[in-house]
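Following: one structure in structure tokens, then a few remarks.
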Amino acid sequence: TTAVSSQMLYKLANQPGGFKPARYFSIDRVFRNETMDATHLCEFHQVEGLVADYDLSLGDLIGTIETFFKKIGITQLRFKPAFNPYTEPSMEIFGYHPDLKKWTEIGNSGMFRPEMLQPMGLPENVRVIAWGLSLERPTMIKYRISNIRDLFGHKVEMARTQTAPICRFEDATASA
């Protein structure tokens, strides 16, 4: 949920022919004022997405996130209610890291508040589900890496990078 999300929704609502359901995704670097440790970096990559369609529900959001993570082999997920200023309900997403033996936050999500959507000109029964997911933390879980600094930054071992397996995803069309 960024300024880009709002701009895209405004264009979607006001396009010739009116609203048509749509999905938007992006991956980019994010910078935060964080104290670095085994699970925190001051910069990370975020997978951001939103879906705008008629009559979406919280179940659609949870199902989308569960499907995304299942495709990369992460099935132990928990959702925790959270506060985000532009979404309600909102949820933090946690994945279980077996080596750290703890639940690690891997994203945030929610449904855009009606008062956010109304000024954009979207039809009344259009709902928007949105999420921002970390790229590094799920990678830690998938490849059982205990320290995020082993993935990104100036201390990364080049040998690990050069010998890392290629990440392959399940063919989405095979299960459809």
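Data table
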| quantity | calculated |
| --- | --- |
| Unit charges on C-beta of K, R, D, E only; dipole of region 38-130, Debye | 400 debye |
| Per-peptide average of other Cβ atoms within 10 Å, ordering 48-58, 129-139, 108-118, 19-29 highest first | 129-139, 108-118, 48-58, 19-29 |
| HN-Hα J in Hz across region 46-55 - Karplus 6.51, -1.76, 1.60, θ = phi - 60°, x for Gly and Pro | 10, 9, 10, x, 8, 10, 10, 7, 6, 6 |
| Where Thr87, Thr67, Thr163 fall by accessible area, highest first, once all protein chains stay in place (1.4 Å) | Thr163, Thr67, Thr87 |
| Accessible surface of region 24-148 [probe 1.4 Å, protein heavy atoms]: carbon and sulfur percent | 52 percent |
| Partners for Lys70 among lysines (Cα-Cα distance below 24 Å; same-chain residues under 8 apart left out) | Lys80, Lys101, Lys102, Lys142 |
| Amide H contacts under 5 Å for Ala82, placed H, 5+ residues apart | Ser90, Met91, Glu92 |
| For region 62-123, diffusion coefficient by Stokes-Einstein and Kirkwood Rh (Cα), 10 °C, 1.306 mPa s, µm²/s | 122 µm²/s |
| Translational diffusion coefficient (Stokes-Einstein; Kirkwood radius from C-alpha pairs) of region 81-158 at 20 °C, 1.002 mPa s, in µm²/s | 146 µm²/s |
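The values are calculated or read from the model by the stated rules, or taken from the named source; none is laboratory data. All figures in this text were calculated on a predicted structure; none of them were measured in a lab. Every residue, glycine as well, gets a Cβ built from its backbone with ideal geometry; the counts of neighbours run over all protein chains shown. To get the accessible areas, we keep the full protein, side chains included, count just its heavy atoms, and leave off ligands, DNA and RNA. Shrake-Rupley method; radii C 1.70, N 1.55, O 1.52, S 1.80 Å.
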